[in-house]
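The values are calculated or read from the model by the stated rules, or taken from the named source; none is laboratory data. Here the structure is a predicted model, which is why all the values come from computation and not from measurement. Virtual Cβ from ideal backbone geometry, glycine too; neighbours counted across all protein chains shown. The area values use the complete protein model at the heavy-atom level, side chains included, leaving out ligands, DNA and RNA. Shrake-Rupley method; radii C 1.70, N 1.55, O 1.52, S 1.80 Å.
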Amino acid sequence: MEKRIGTISIVIYNRDMAERVNKLISCYGDCVLARQGLPFADRGIFIITLVVEASTDKINALTGSLGRLENVEVKSILSKIKTVQS
């Protein structure tokens, strides 16, 4: 299976969505290498950045699930380097 390393940036515009976002991230925890959260409560936004390593399909499934949530914006960047793991 080919894997890629990349980042996923998540911007949450409504803190009530944070629990749902965290549950989704936990479901894909096996591909999350690092996570950083930055609360900007005074501005009304909350940012989570993930470093991930997984197949393109799995990364797309995670970003798609997150992107379908109301008041959540998601962007991802994947490296061009592919690794093969059995």
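Residues in segment 6-17 that are in a helix (DSSP H, G or I) and surrounded by fewer than 16 Cβ atoms within 10 Å (Cβ to Cβ): how many?
2
From the list 23, 3, the lone residue that is of a type in the set (Lys, Arg), in contact with a strand residue (DSSP E or B) (Cβ under 9 Å, 6 or more places away or on another chain) and open to solvent by 30 Å² or more (accessible area, probe 1.4 Å) is 3. Here is the figure for segment 31-45: residues that are touching a residue at least 12 places away in the same chain (Cβ under 8 Å), over 11 Å from the mean Cα position of the chain (by Cα) and part of a helix (DSSP H, G or I) total 1.
Quick check, is residue 74 on the phi < 0 side of the Ramachandran plot, in contact with a Ser or Thr (Cβ under 8 Å, 6 or more places away or on another chain) and part of a strand (DSSP E or B)? In short, yes.
For segment 37-50, give me each residue that is among the β-branched types (Val, Ile, Thr) and either open to solvent by 50 Å² or more (accessible area, probe 1.4 Å) or over 28 Å from residue 80 (Cα atoms) (or both). Scanning segment 37-50 gives a single hit, 45.
Which residues, counting only those in segment 26-36, are open to solvent by 50 Å² or more (accessible area, probe 1.4 Å) and not basic (Lys, Arg)?
26, 27, 30, 33, 36
Annotation note: of 69, 62, the sole residue that is open to solvent by less than 40 Å² (accessible area, probe 1.4 Å), touching a residue at least 12 places away in the same chain (Cβ under 8 Å) and in a loop (DSSP other than H, G, I, E, B) is 69.
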